[in-house]
1. Can you pull out every residue in region 1-27 that is in contact with a strand residue (DSSP E or B) (Cβ under 7 Å, 6 or more places away or on another chain), surrounded by 12 or more Cβ atoms within 10 Å (Cβ to Cβ), touching a residue at least 24 places away in the same chain (Cβ under 8 Å) and within 10 Å of THR61 (Cα to Cα)?
2. For region 35-47, how many residues meet the condition of being exposed (fewer than 15 other Cβ atoms within 10 Å of the Cβ), of a type outside the set (Ser, Thr, Tyr) and more than 11 Å from the chain's Cα centre (by Cα)?
Amino acid sequence: MGKFVVSPATHLTDCGRFRASFSVQRAQGNGSYCRVFRFDKTFVSRDAAKLFAVTQGWLQTSMPHPPVC
């Protein structure tokens with residue numbers, strides 16, 4: 001997504017639902033940036049969790065000043 005690499009992921013919970021997460025990475029010159037976001041919300045399907053992760057990653061990288069968690 002532009003100058004960032006966003007990697008969505010899903011994780012199966014003990015109750016059979018799925019959690020979403022994503023990482024954002026950017027390398028620029030001698031510096032680099034990496035952040036991992038994990039969400040408490042659970043989803044019925046892996047696809048729904050992945051869609052949520054992709055959407056959140058897009059929002060995080062497209063905002064000029066994203067909120068800090």
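Read-outs: derived from the displayed coordinates by stated rules, not from any lab. This one's a predicted model, so the numbers in the text were calculated from it and none came from an experiment. Positions of Cβ are backbone-derived with ideal geometry, glycine not excepted, and every protein chain shown enters the neighbour counts.
1. Result: PHE4, VAL6, VAL24.
2. The qualifying residues number 5.
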